Ligand code: PAF
């Protein structure tokens with residue numbers, strides 16, 4: 001496994017692999033890797049000749065400075081984990097290597113077709129602009145034929161798929177299922193920021209999401225939304241920011257179950273000060 005910090009180095013390596021007809025798979029990350037990431041990397045390894053993982057805490061997708069400052073970073077630990085799953089290349093650029101001053105000042109814009117106006121987009125203004133900005137840059141540098149994203153960030157996956165179509169990138173987006181702890185808690189880099197007490201209470205999120213599937217036949221989407229929010233907010237340190245039942249492609253809210261063949265419930269909950277996201281497929 002090699003670690004490249006510069007765009008030039010990785011581009012030269014990719015060019016050499018392509019000359020010998022090797023396929024490139026790519027897993028973009030912000031580090032703080034956990035089993036969820038490793039599952040993407042294992043899949044990437046099994047479906048491509050070369051697996052490249054980027055580690056870059058992208059400043060332009062953080063609308064909260066505190067969140068950016070406290071985002072867990074440990075390249076040494078991440079590198080060990082990546083070595084253990086046979087990753088071929090880590091691309092860990094500096095901020096200067098990726099962005100010039102204008103780009104950092106937030107001049108990027110992209111047509112999202114409304115996908116960024118709901119859920120995460122509503123509560124984290126500019127977040128998806130930053131995500132598209134960095135992922136489009138990384139795709140142009142790494143030029144993978146397949147790229148792997150976790151479905152925990154459900155809206156992100158929908159937006160990346162839209163971006164690839166809009167910008168005509170020749171890359172196949174592979175969404176990968178959420179990995180969970182035995183307790184049901186969705187794996188997330190942010191879980192390391194939870195105290196053990198918070199972690200115990202956070203289990204309620206996945207428990208309620210799972211349970212709510214039993215009520216799909218009996219409740220309207222609106223009633224089910226209310227039920228989920230009430231059940232989770234009963235736990236003292238949990239506060240639902242939003243729970244929305246949406247069409248899995250357009251991300252628009254549905255009012256009747258018959259409105260869509262593919263329905264997903266997406267949630268964000270504050271557990272103390274830590275913002276956790278999760279989702280569950282409700283139909284299709
Ligand atoms: O999901 C993430 O970790 C990030 O949003 C991504 C895709 C690596 C872009 O910075």
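A compact table of results
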quantity: Among the residues listed as 25, 31, the single one being in contact (Cβ under 8 Å) with a residue 60 or more places away in the chain and part of a strand (DSSP E or B); calculated: 25
quantity: Checking residue 264 against (1) crowded, with 20+ Cβ neighbours inside 10 Å; (2) closer than 18 Å to residue 117 by Cβ; (3) without any contact (Cβ under 8 Å) to a residue 40 or more places away in the chain, the condition it does not meet; calculated: (3)
quantity: Test: residue in segment 124-132 that is on the phi > 0 side of the Ramachandran plot, within 15 Å of the ligand (Cβ to nearest atom) and in a loop (DSSP other than H, G, I, E, B); calculated: yes
quantity: Scan of segment 142-160 for residues that are buried (at least 20 other Cβ atoms within 10 Å of the Cβ) and assigned to a helix (DSSP H, G or I), ordered by number; calculated: 142, 154, 155, 156, 158, 159, 160
quantity: Unmet requirement for residue 81, which otherwise passes all of (1) within 12 Å of the ligand (Cβ to nearest atom); (2) in contact with a helix residue (DSSP H, G or I) (Cβ under 8 Å, 6 or more places away or on another chain); (3) assigned to a helix (DSSP H, G or I); (4) modelled with pLDDT of 95 or more; calculated: (1)
quantity: The listed residue being at pLDDT below 95 and either more than 12 Å from the ligand (Cβ to nearest atom) or assigned to a helix (DSSP H, G or I) (or both), out of 43, 73; calculated: 73
quantity: Qualifying residue in segment 60-75 (condition: over 23 Å from residue 121 (Cβ atoms) and either buried (at least 19 other Cβ atoms within 10 Å of the Cβ) or free of Cβ contacts under 8 Å to residues at least 40 places away in the same chain (or both)); calculated: no
quantity: Residue in segment 101-108 that is touching a helix residue (DSSP H, G or I) at 6+ places or on another chain (Cβ under 6 Å) and either over 26 Å from residue 46 (Cβ atoms) or touching a residue at least 12 places away in the same chain (Cβ under 8 Å) (or both) present; calculated: yes
quantity: Pairs where the first residue, in segment 136-150, is without any contact (Cβ under 8 Å) to a residue 60 or more places away in the chain and the second is part of a helix (DSSP H, G or I) and within 13 Å of the ligand (Cβ to nearest atom), C-beta under 8 Å, 6+ apart; calculated: 136/163; 137/98
quantity: Residues of segment 192-212 satisfying the condition of being modelled with pLDDT under 95 and crowded, with 16+ Cβ neighbours inside 10 Å; calculated: 193
quantity: Answer residue from segment 26-42, given it is closer than 16 Å to residue 84 by Cα and out of contact with any strand residue (DSSP E or B) (no Cβ under 6 Å at 6 or more places or on another chain) and is surrounded by the most Cβ atoms within 10 Å (Cβ to Cβ) among those; calculated: 33
quantity: Flag if residue 97 is farther than 15 Å from residue 56 by Cα and either in contact (Cβ under 8 Å) with a residue 12 or more places away in the chain or surrounded by 12 or more Cβ atoms within 10 Å (Cβ to Cβ) (or both); calculated: no
quantity: Residues satisfying the stated conditions in segment 8-33, i.e. within 16 Å of the ligand (Cβ to nearest atom) and at pLDDT 95 or above; calculated: 10, 25, 26, 27, 28, 29, 30, 31, 33
quantity: Which listed residue, of 51, 87, is away from the ligand (no atom under 14 Å from the Cβ), crowded, with 17+ Cβ neighbours inside 10 Å, in contact (Cβ under 8 Å) with a residue 12 or more places away in the chain and more than 26 Å from residue 128 (Cα to Cα); calculated: 87
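For (1) touching a helix residue (DSSP H, G or I) at 6+ places or on another chain (Cβ under 6 Å); (2) within 16 Å of the ligand (Cβ to nearest atom); (3) at pLDDT below 95, each residue gets a yes or a no:
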| site | (1), (2), (3) |
| --- | --- |
| 139 | no, yes, no |
| 158 | no, yes, no |
| 163 | yes, yes, no |
| 178 | no, yes, no |
| 214 | no, no, no |
| 227 | no, no, no |
| 230 | no, no, no |
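The values are calculated or read from the model by the stated rules, or taken from the named source; none is laboratory data. All values derive from a computational prediction rather than experimental measurement. Here Cβ is always computed from backbone atoms with ideal geometry, including for glycine, and neighbour counts include all displayed protein chains.
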